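Here is the structure we will look at, set down as C-alpha cells.
The values are calculated or read from the model by the stated rules, or taken from the named source; none is laboratory data. The model shown is predicted, which means the values in this text are computed figures rather than measured ones. For neighbour counting, all protein chains shown are included, and Cβ atoms are generated from backbone atoms with ideal geometry for every residue, glycine included. The area values use the complete protein model at the heavy-atom level, side chains included, leaving out ligands, DNA and RNA. Shrake-Rupley method; radii C 1.70, N 1.55, O 1.52, S 1.80 Å.
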Amino acid sequence: LARSIFGVDVAPLAVWLTELRCWLALVIDDDATDARTVTPLPNLDHHIRTGDALAGTTTTPHTIARGLAPLRARYSTATGTRKRTLGARLDDAERRIAIAAVDARITARTHERRELVATARARTLFGTRTGLARDTARALATCKDTLRTLHRTRRALVTGHPLAFAFDTHFADAMLDGGFDAVIANPPWVRPHRTDADTRATLRTHFGHLSRTTDGAAFGTQPDLAAAFTVRAIALLRPGGTIGVVLPAKLWRSLAGAQLRGHVLATTTPLAITDFGDDPHGFAAAVYPSTLVARTHDTDAATTTTADAMATHIDTAARDGTGTLRHFPVPLARLGASPARGAPWRLVPDAVRDAADAIADAGTPWHDAPIPLPQLGTKTGRNAAFLLDTDRIPHELRPWTRPALRGDALARWSPTTAHEHLVVPLDEAGRCLDRLPAPLARHFAPHERPLRDRADLRPRDPWWALFRTELLAPGGWRVCWADVARSLRATLLVPQHRTIPLNSCYGVRCTDPIDAHALLALLNAPLATAWLSLAAEPARGGYLRFLGFTLVALPLPRWERARTLLAPLGAAARRGAPPDAALLHQAVLDAYGVSARTVAPLIEWAAAARRRPDVHDTARIDQPPPPDHPRHTPAPHPATGAHA
C-alpha cells in the first residue's frame, strides 16, 4: 500500500470506501491481540485520489518527480505534526511538477508559433513574402489560443489555485518510471452525450479518435465512455504491463467499438476475453458485461514478430444455449470477423466461426450487391405530438395522418393493421410545410416549446419538422425490419402503401420488385438471423439489435441466383402463403451454394442462444422488446460513478 497500489475515482465516497477496504485488509492480517500493539494504519490519501481519470495527460513528467516516491512512503506512516509537514511537502512537490509540465508545453507551443511565423515571413524566389495560407493561419490562431490558456493555467498554479488531478502530476513517480505494471478498471458505461459539457470537451481533446470509423469518417453512434477509460488505462501501462477491465460486451461487436478494437490490437496482446452475457449473478442491473485482460507489447522482446503475435491463442469464453460459460481458445489472427482494422470480434467456438466464414466466402459484401443501404425509419423527437391512436383521430386531422409501423408490432412478410397513425406535416411532394394549415396549427400548438427544443432540429427547419424521412415516401418497394427482436423479422410495403416505418424500424427501398421479394425471403430465413447473431449487439431477454450497420455486415448470396431462388418464395409469402421453414432454409443454402452440414454449427449456436430463457424476466420471453432500446434511457450500471 505504501509503494505499489494507487487508485483514482471521481466519486469521493468511492475513494473513502476504497481506503476503508484497504485498511480492513491490513487489520484482518494483523495477528496482534492487544489493540495497543496493532500496526498503525497507513495514510492513503496520497495513494487513493479523488479525481477524473480521463483528465490531464499521461506524458513523462519532469525529473523532479524522482523525489516523490520516498516522500510519499514517509508520509504514509507519519502521524501528528510530521504528517502535516510531509503532506504540505507532497502538495508542494505535486504543484512544482504540474508547473514544470505546463512550462514544457509552453516551450513547445512557443517554438511551434515561431516556426509558423517564420514560414509566413519567408520570401519566395521572387522576393515576395509567402504569407499565411488558410491552414497555417488556422494553426497559428490555435497555437496562440493554446498559449494564452497555458499562461493562465500557470498563473493559477503559481498563485495556489486547486490542482486538478493528472496522472503525470499526482502519480508522477510511476509515470517517470515508465508507467504501472497493472491497471484494473471498472469504468462507467455511459454514452458521451449524457455527460456534462466539460467532460465532452475533454473527450474530444484526448479521445476524439474513438468517435470515428476506421476510414476516418465520423459516425453518429458515439462510443461508450468505457472505451475512453480503456485507452487511458493502456496508456498508463509500462511495456509488458497488464490491463484488466470490465466493459460492455457490445464494444466487441458494434460499429462504435471499431476504433477501440483496433487500438487494443495495435497496442496490446489480448490474453483473455469473457462475454458473460445476461448474467444475473454478477450484476443486478440489466447489463451485458465482459472482461478484457491484455498485455502491452514489450519493447525488450525484439524477437517477437507480427506473425508470432497473430499466432497467439486468446482464452475466450461465452455462454452457450444452456447458460453455461464455455471456454475456448481463439487464434488472435481469427478473432476479427474480417482482416479489416476494427472488425467485430467473434467470441465463439471454431466450428461456429468456420460456418460463419463459409457464408462470408460464398457471399458478396452488401456494398457490392445492387441493394441500397439500410435507412432508419422516421423519427419524431416527440411521439406525444405526432402519434395518435387510430380510433381517436380527430376528423379534421385525418387528411394529415398516415398509418405508423413500430418495430415491436412488425410482423413477418406483410404488415398488419396499424394501431397508431402519424401526423405528417408534408405537402403532396413530400416536403415539409412552410406554414401549418389551421387544423395542424391547433394540433401542434400545445407542443410548440418541446418541439423547438428537440436535439435533432436544425436552425433552418420548421419547428414541426419530422426527421429521418428517407422511408416516409410511399414510392418503391420498402423492405423493413424491427431493429430489436429475438430473430430478424422483415415485412414488405408495396408501392403506394401509406404506412410509415418509425425509427424502431430499418428499411431498404428497392426499385425492382424481384430484388425486394428476394431480400424479404433472405432476411426472414433462419440463416440470416444466425449469421447476424455474431455481429448484432445483445439486448435483454435474448433480443438482438438489428441496426442498419449490422445488416450491412451480412454477406449477400450471388444476387442473380438469389433472385431466381428466393424471389418466388418472398412473393408467395407476401400474398399470404409463407414457405415452410425447412423449404426457405434450403432455398437460402442453395442461393449461397453451401450445404446444411457446413452451417449446422452456426444455426445450432444461434438457436440455442434464443432458446435460453431470459434470466431476468422469464415471463416476458415472447413479449415486445424491452425498454433498453438504443434510443431510450439505458439501463443503469452498478459502477456508474467508478472512474478507475
- Task: Tell me, yes or no, whether the range 80-92 has at least one residue that is under 30 Å from S290 (Cβ atoms) and either modelled with pLDDT of 85 or more or of a type in the set (F, W, Y) (or both).
- Result: no
- Query: Do we have D173 as modelled with pLDDT under 70 and more than 18 Å from the chain's Cα centre (by Cα) here?
  - Reply: no
- Note on the structure: Considering residues that are outside any loop (DSSP other than H, G, I, E, B), of a type in the set (D, E, K, R) and surrounded by fewer than 20 Cβ atoms within 10 Å (Cβ to Cβ), the number found within the range 340-377 is 5
- Query: Can you tell me how many residues in the range 139-170 are in a helix (DSSP H, G or I), of a type in the set (G, A, S) and modelled with pLDDT under 90?
  - Reply: 2
- Note on the structure: Scanning the range 227-247 for residues that are open to solvent by less than 10 Å² (accessible area, probe 1.4 Å) and in a strand (DSSP E or B) gives G241, I243, V245, L247
- helices (runs of 4 or more DSSP H) contained in the range 9-122 and holding at least 1 residues open to solvent by 40 Å² or more (accessible area, probe 1.4 Å) and touching a Cys at 6+ places or on another chain (Cβ under 9 Å): 80-121
- Query: Is it fair to say R431 is loosely packed, with under 13 Cβ neighbours inside 10 Å, modelled with pLDDT of 90 or more, out of contact with any Phe, Trp or Tyr (no Cβ under 8 Å at 6 or more places or on another chain) and basic (K, R)?
  - Reply: no
- Query: Is one or more of the residues making up the range 293-315 surrounded by 15 or more Cβ atoms within 10 Å (Cβ to Cβ), modelled with pLDDT of 90 or more and hydrophobic (A, V, I, L, M, F, W, C)?
  - Reply: yes
- From the list E115, E19, which one is touching a residue at least 24 places away in the same chain (Cβ under 8 Å) and of a type in the set (D, E, K, R)? E19
- Item | the range 381-438, subset farther than 28 Å from R574 by Cβ and of a type in the set (D, E), residue farthest from the chain's Cα centre (by Cα) | E396
- Query: Do the conditions hold for L440, that is, is it in contact with a helix residue (DSSP H, G or I) (Cβ under 7 Å, 6 or more places away or on another chain), of a type outside the set (G, A, S) and either open to solvent by 30 Å² or more (accessible area, probe 1.4 Å) or without any contact (Cβ under 8 Å) to a residue 40 or more places away in the chain (or both)?
  - Reply: no
- Item | Residues of the range 443-464 satisfying the condition of being farther than 16 Å from P394 by Cα, crowded, with 16+ Cβ neighbours inside 10 Å and out of contact with any Asp or Glu (no Cβ under 9 Å at 6 or more places or on another chain) | L451, R454, L457
- Task: Give the range 473-486 a look and list any residue that's at pLDDT 90 or above and open to solvent by less than 40 Å² (accessible area, probe 1.4 Å), or say none.
- Result: G476, R478, V479, C480, W481, A482, D483, V484, A485
- Would you mention how many residues in the range 27-79 are β-branched (V, I, T) and modelled with pLDDT of 90 or more? 2
- Query: Residue check, L1 against (1) in contact (Cβ under 8 Å) with a residue 60 or more places away in the chain; (2) closer than 26 Å to T146 by Cβ; (3) surrounded by 17 or more Cβ atoms within 10 Å (Cβ to Cβ), all met but one. Which one?
  - Reply: (2)
- Top-ranked residue in the range 488-513 [being of a type outside the set (S, T, N, Q) and touching a helix residue (DSSP H, G or I) at 6+ places or on another chain (Cβ under 6 Å); ranked as most open to solvent (accessible area, probe 1.4 Å)]: Y506
- Query: Is it the case that the range 269-276 has a residue that's modelled with pLDDT under 90 and surrounded by 18 or more Cβ atoms within 10 Å (Cβ to Cβ)?
  - Reply: yes
- Message: Criterion first (polar (S, T, N, Q), crowded, with 19+ Cβ neighbours inside 10 Å and in contact with a strand residue (DSSP E or B) (Cβ under 9 Å, 6 or more places away or on another chain)) does T416 satisfy it?
- Response: no
- Message: On the basis of being modelled with pLDDT under 95 and open to solvent by less than 80 Å² (accessible area, probe 1.4 Å), does P394 make the cut?
- Response: yes
- Message: Can you list residue pairs whose Cβ atoms sit under 6 Å apart, with the first residue in the range 301-330 being assigned to a loop (DSSP other than H, G, I, E, B) and the second being open to solvent by 60 Å² or more (accessible area, probe 1.4 Å) and at pLDDT 55 or above? Count only pairs 6 or more apart in sequence or on different chains.
- Response: D320/R326; G321/R611
- Message: Could you tell me how many of the residues in the range 378-433 are under 16 Å from L451 (Cβ atoms) and either in contact (Cβ under 8 Å) with a residue 12 or more places away in the chain or part of a loop (DSSP other than H, G, I, E, B) (or both)?
- Response: 18
- Message: Taking the criterion of being closer than 29 Å to F546 by Cα, modelled with pLDDT under 90 and assigned to a loop (DSSP other than H, G, I, E, B), would at least one residue in the range 439-455 satisfy it?
- Response: yes
- Hey, among the residues in the range 562-578 that are over 21 Å from A369 (Cβ atoms) and over 38 Å from the mean Cα position of the chain (by Cα), which one's surrounded by the fewest Cβ atoms within 10 Å (Cβ to Cβ)? G576
